[in-house]
Amino acid sequence: MDKKKILIIDDEQAILDMYSAALGNFGVITAGNGEEGLRIARKEKPDLIYLDIIMPQLNGLDVLKKLKADQATSEIPVILLTNLPEEASADKAKALGAEDYFVKVNYEPEKLAEATKKILG
């Protein structure tokens, strides 16, 4: 069986490294900004996308809108990963089609791996 592919889109290299290590049982692909993330999502068709909200150029909510508007990527579950308080953006994120919303400081990388297993079965 092929490894499930996970795309992590975040502009902080330390976050990409930390979550890539925690999700090592999966095939992890990373992108350092929203534009790159969109390109990779369309090309690689990952099974799940973790997406930061606050990024230069194209923020995570804009990336989410574009992913959900594109037939090629609209079915991919997206989980927003951010330091914004949940009250600020969780409802908006879910209205735009996000599967879930994790506040980074509340989720150690191991918890992310557990959540990933639940989502991907």
Which condition number in (1) within 22 Å of ASN25 (Cα to Cα); (2) surrounded by 17 or more Cβ atoms within 10 Å (Cβ to Cβ) is the one that LYS111 fails?
-> (2)
Is region 7-30 home to any residue that is closer than 18 Å to LYS117 by Cα and touching a Gly at 6+ places or on another chain (Cβ under 9 Å)?
-> yes
Residue hits (region 74-93; buried (at least 19 other Cβ atoms within 10 Å of the Cβ) and either within 18 Å of LEU16 (Cβ to Cβ) or of a type in the set (Ser, Thr, Tyr) (or both)) are VAL78, ILE79, LEU80, LEU81, THR82, SER89
Among the residues of region 5-35, the number that are over 13 Å from the mean Cα position of the chain (by Cα) and either buried (at least 19 other Cβ atoms within 10 Å of the Cβ) or under 20 Å from ALA72 (Cα atoms) (or both) is 4
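Values quoted throughout were computed directly from the atomic coordinates according to the rules given, and no laboratory measurement underlies them. None of the values given here were measured: they were computed from a predicted structure. Please note: Cβ atoms are built from the backbone with ideal geometry, for glycine as well, and neighbour counts cover all protein chains shown.
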